[in-house]
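Peer 1: Sharing a structure below in structure tokens format, with a few things to ask.
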Amino acid sequence: MVRVSDDRASGGVTGRRAKDKGVQAKHPVSDPLALSPSQGGAAGPATGSGRAETDAGTFACAQDKGRNAGHADTGFAVRHRSFVPFAPASTGRHALHLWLAEAQVHAGLYRRLIGAQIRSQMQYKVSFVLRMLGSFAGNLIDFGAIAVLFNRIPALAGWSLPEVALLYGLSAVAFSIAELFAAALDNFAEYVESGSFDRVLTRPIGALFQVITEDFALRRLGRLSQGVLVFVVALGLLDVDWTWDKGLIMAVAIGSGAVIFFSIFVLGAAYCFWTIQGREAANIFTYGGDFMSSYPLDIYHGWLRRFVTFVLPLAFISYYPALYVLGRPDPLGLPGWVRLLSPLAALGMALLAWAGWTIGVRHYQSTGS
Amino acid sequence: MALIEVENLHKTFRVARHHRGALGAIRSLVDRQYFDVHAVDGISFSIERGEMLGCLGPNGAGKSTTIKMLTGILVPSSGRIEVLGFEPYRRRKDVVRHIGVVFGQRTQLWWDLPLIESLDLLRYVYRVPAGRYEENLHAFRRLLDLDPFLNSPVRQLSLGQRMRGDLAAALLHDPSVLYLDEPTIGLDVVAKHRMRDFLRTLNRERGVTVLLTTHDMADVEQLCARLLIIDHGKLIYDGSLEAIRDRFGTERTLVVDLDEQNGAVNGPLDVPHAREIRADGPRRWLSFNRADTTAAELIAHVAARYRLRDLTIEEPEIEAIIRRIYEDSSGISSQTL
Ligand SMILES: Nc1ncnc2c1ncn2[C@@H]1O[C@H](COP(=O)(O)OP(=O)(O)OP(=O)(O)O)[C@@H](O)[C@H]1O
Ligand SMILES: [Mg+2]
């Protein structure tokens, strides 16, 4: 017979919502697991339906045995599939355990996937070495330009060369760490346009995680080493009375800065789900952001300063941590504790990036062929 | 509950209308206009565990779009999908762990890596236990004859080799469902034959539920007990191939070779309940309807009037039937088959 659907009205939003409730009710036990991309959530339908089957019954059993026996060999801390649906509601501790196990699995997977990418990059050794040297030299010249500038003028908005070098070094290190991981997002527009993103969505691990494992920009180690060099030189030249809190602030600034830059890369990539111009938009904020946070904010206009403090928190990458370490006054006149907020800014950006990405993925349209 | 349930599924793409001409690009920036493409327009069906379905439909019918929604790649505009009890796009990771997907047009493998390395990586992506991985790899190497190109980078593989690699990759984690979007596209006759053999084995011995789309009628004839026909985003047929043959393939053809030793027969043959549709020298094609006469009756009539050397009966080609359905699909969707 022909089935032509005519109950279009019931297929609307309300129909869908009602259905969702039904789904949840049917699988209450697997819901706590929704937090983690674990095997567990899936074990419900798999084992349940697999066993009920008569035709392939023997096969399904063999499969289960194979899985249990093989666990030790996978190298992952994977829990037994069949146990999970009957696990008690997860306590905080339990959830933490799951989370740690997942993190471990993903770290292992990251190493493997990136390892494979690097191996294939290494097929072109000469080009690899040249690009790395090129990026190192290019960035050094970049900083050389600032040094030359200081030959002419003794200070930039009241900042000495070593002080600017500290800003520059912090920003460069944070940026190049982010770039190392986010390299694959550079070509993301093309990735979406060509429909390659389909493949990512057919695999049971996070989409963003998979995309960033497509490239680890070893070649950009050149930039990182240049940043580290400038940073170390700045530390050597500065006349700072180093205490543990200042050291901690520097370390936290680098971590937070890397997260902020990475989040901007992700937001730029997420924008590609709507339009192919996403890449240019992202570049303004990533490369532009790196540029901005390499200089004292004092040289910028008031509104721009407020923008990078309150809206897009670039000021927390290098400027506020540097103010703290150098003990300089804040031109915006904000209270002292604001200088400690880099991790919070990073967290905010990370959440924003995650939300943007998730909405973007839902928006993905694939291609017509 | 069925393994896959689809209810009143819709997918509408919003496509930007492009302005033409030199200023078009600029105009498109400022003045964006969209139009809607109703790629899938209210489809419902359900699939039981262990079934093997073929999905046919003309270009642009909405087959790939449907598969992408079943996989969780695309979010439906409205309607409901449940695969293994989950909505694919909400619980993507949980669902895709139990399905395998092969897109004939595009590889799922890492382009620059040797096939074996891709397979090895997928083992970790899907967390397949080592023992099971070895078993499966061994089986697929044999069934799909992967050994000759196991160590070649995927980009160097021929289309048929790549397809075999993709199949293995989609099956390493023992999925319960396999979606194949045009799996036989571009394959030679032998390769097609082997592909079908493989799919049959998979379905029979492992109980994998298979949903494939194709433009090759032979795929459906040889593999699928059940057939879905989609056109203009609507499901216009859901049933067996035999049923459709009975319903639409009532016209059969009797081909006769006349014995013209005692002079040629001039003009078309004249027999009741049949009409000559083609003539080529002594060979004549007579079309007749199952409802009007039987083959035996017709042969008796022809043999009584003409001297025959040889004869055969041609069953209606499924291609022709499907073509007729595509051509007047709007007509039959309102009928009851
Ligand atoms: N990503 C997309 N953006 C816009 N329109 C799309 C997209 N994907 C598909 N379409 C449109 O939706 C319709 C259905 O496309 P689909 O790819 O599902 O067809 P199909 O049945 O797979 O056809 P074919 O046999 O040619 O592969 C077509 O009109 C197509 O142009
Ligand atoms: Mg298609």
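The values are calculated or read from the model by the stated rules, or taken from the named source; none is laboratory data. Not measured: the values here are computed from a predicted model. Note: ideal-geometry Cβ built from the backbone for every residue, glycine included; neighbour counts use all protein chains shown. Accessible surface is based on the protein model in full, side chains and every heavy atom, while ligands, DNA and RNA are left aside. Shrake-Rupley method; radii C 1.70, N 1.55, O 1.52, S 1.80 Å.
Peer 1: Counting only heavy atoms of protein chains, what accessible area per residue, in Å², does region A:328-369 have with a probe of 1.4 Å? Let's see the in-between values first.
Peer 2: Values: 2340 Å² over 42 residues.
Solvent-accessible surface per residue comes out at 56 Å².
Peer 1: Give the carbon-plus-sulfur fraction of the accessible surface of region B:250-314 in %, rounded to a whole number; probe 1.4 Å, heavy atoms of protein chains only. Show your work: numbers first, answer last.
Peer 2: Numbers: 1740 of 3940 Å².
Carbon and sulfur: 44 percent of the exposed surface of region B:250-314.
Peer 1: Related question: Per-residue HN-Hα couplings for region A:189-203, Karplus 6.51 cos²θ - 1.76 cosθ + 1.60 at θ = phi - 60°, whole Hz, x for Gly and Pro?
Peer 2: Listing the rounded values in order: 4, 5, 4, 6, 4, 7, x, 4, 5, 3, 4, 4, 7, 8, 10 Hz.
Peer 1: So what are the ³J(HN,Hα) numbers for region B:300-317, from phi and the Karplus equation (6.51, -1.76, 1.60; θ = phi - 60°), rounded to whole Hz, Gly and Pro as x?
Peer 2: 4, 4, 5, 5, 5, 9, 10, 8, 10, 9, 7, 7, 9, 10, 9, 6, x, 6
Peer 1: Output the residues of region B:164-199 meeting this criterion: accessible area (heavy atoms, 1.4 Å probe) in the chain alone minus accessible area with all protein chains in place is 20 Å² or greater.
Peer 2: Buried on complex formation: B:Asp174.
Peer 1: Continuing with this model, one more query. Give me the dipole magnitude in Debye, nearest 20, for region A:127-251 about the Cα centre, with unit charges on the beta carbon: positive for Lys and Arg, negative for Asp and Glu. Intermediate results must be reported in sequence, preceding the final value.
Peer 2: Details: 8 positive and 12 negative charges, 50 e Å.
The calculated dipole for region A:127-251 is roughly 240 debye.
Peer 1: Hey, another quick one. Please report the spacing between the Cα centers of region A:300-322 and region A:119-170 in Å, no decimals.
Peer 2: 22
Peer 1: Which whole-Hz couplings ³J(HN,Hα) result when phi for each residue of region A:287-301 is put into the Karplus expression 6.51 cos²θ - 1.76 cosθ + 1.60, θ = phi - 60°, listed in order with x for Gly and Pro?
Peer 2: Per-residue couplings from phi come out as 5, x, x, 4, 4, 4, 7, 8, 10, x, 4, 4, 7, 9, 5 Hz.
Peer 1: Let me ask something additional. Taking loop as defined by DSSP and a crowding limit of 13 other beta carbons within 10 Å, which chymotrypsin sites (Phe, Trp or Tyr not before Pro) in region B:131-180 fit? Before the final figure, lay out the partial values.
Peer 2: Details: sites: B:Tyr133, B:Phe140, B:Phe149, B:Tyr179; in loops: none.
The qualifying sites: there are none.
Peer 1: Looking at region A:208-277, which chymotrypsin sites (Phe, Trp or Tyr not before Pro) are in a loop (DSSP not H, G, I, E or B) and have at most 11 other Cβ atoms within 10 Å?
Peer 2: Numbers: sites: A:Phe209, A:Phe216, A:Phe231, A:Trp242, A:Trp244, A:Phe261, A:Phe262, A:Phe265, A:Tyr271, A:Phe273, A:Trp274; in loops: A:Phe216, A:Trp242, A:Phe273, A:Trp274.
Loop-located and lightly packed - A:Trp242.
Peer 1: Taking all protein chains as present, what is the carbon and sulfur share of the accessible area of region A:124-363, in % to the nearest whole number, probe 1.4 Å? The partial results should precede the final answer.
Peer 2: Numbers: 7250 of 10390 Å².
Carbon and sulfur: 70 percent of the exposed surface of region A:124-363.
Peer 1: List the longest stretch of chain B that has no exposed loop site; here a site is one of the GluC sites (Glu not before Pro) assigned by DSSP to anything other than H, G, I, E or B, with at most 14 other Cβ within 10 Å. Kindly include the intermediate steps, with their values, before the conclusion.
Peer 2: Details: sites that count: B:Glu48, B:Glu260, B:Glu317.
The answer is B:49-259.
Peer 1: Only protein chains counted, 1.4 angstrom probe. Which residues of region A:199-223 are at least 40 Å² less accessible in the assembly than when their chain is isolated?
Peer 2: Listed in order, they are A:Arg199, A:Leu201, A:Thr202, A:Arg203, A:Pro204, A:Ile205.
Peer 1: Roughly to the nearest percent, how much of the accessible area of region B:50-245 is carbon and sulfur, given a 1.4 Å probe?
Peer 2: 49
Peer 1: So how much accessible surface do B and A hide from each other in total, probe 1.4 Å, in square angstrom to the nearest 100?
Peer 2: Numbers: alone 17570 and 20990 Å², together 32190 Å².
The summed interface area works out to 6400 Å².
Peer 1: For chain B, report the accessible area per residue in Å² (1.4 Å probe, heavy atoms, rounded to an integer). Working shown, then result.
Peer 2: Details: 14400 Å² over 337 residues.
About 43 Å² of surface per residue is accessible.
Peer 1: Give me the count of lysine pairs in chain B whose alpha carbons sit under 21 angstrom apart, restricted to pairs 8 or more positions apart or on different chains.
Peer 2: Values: B:Lys11/B:Lys63; B:Lys11/B:Lys68; B:Lys11/B:Lys234; B:Lys63/B:Lys192; B:Lys63/B:Lys234; B:Lys68/B:Lys93; B:Lys68/B:Lys234.
Lysine pairs, 8 or more places apart or on different chains, close enough: 7.
Peer 1: Against the longest principal axis of chain B, how steep is helix B:159-171, in degrees 0 to 90 to the nearest 10, with axes from Cα atoms?
Peer 2: Computed tilt is about 60 degrees.
Peer 1: Further question: Out of residues 5 or more away from B:Ile236 or on other chains, whose amide H comes under 5 Å of its own, with H placed 1.01 Å from N in the peptide plane?
Peer 2: B:Ile229, B:Ile230, B:Asp231
Peer 1: Tell me the angle of helix B:130-143 to the major Cα principal axis of chain B, expressed in degrees between 0 and 90 and rounded to the nearest ten.
Peer 2: In chain B, helix B:130-143 runs at an angle near 30 degrees to the longest axis.
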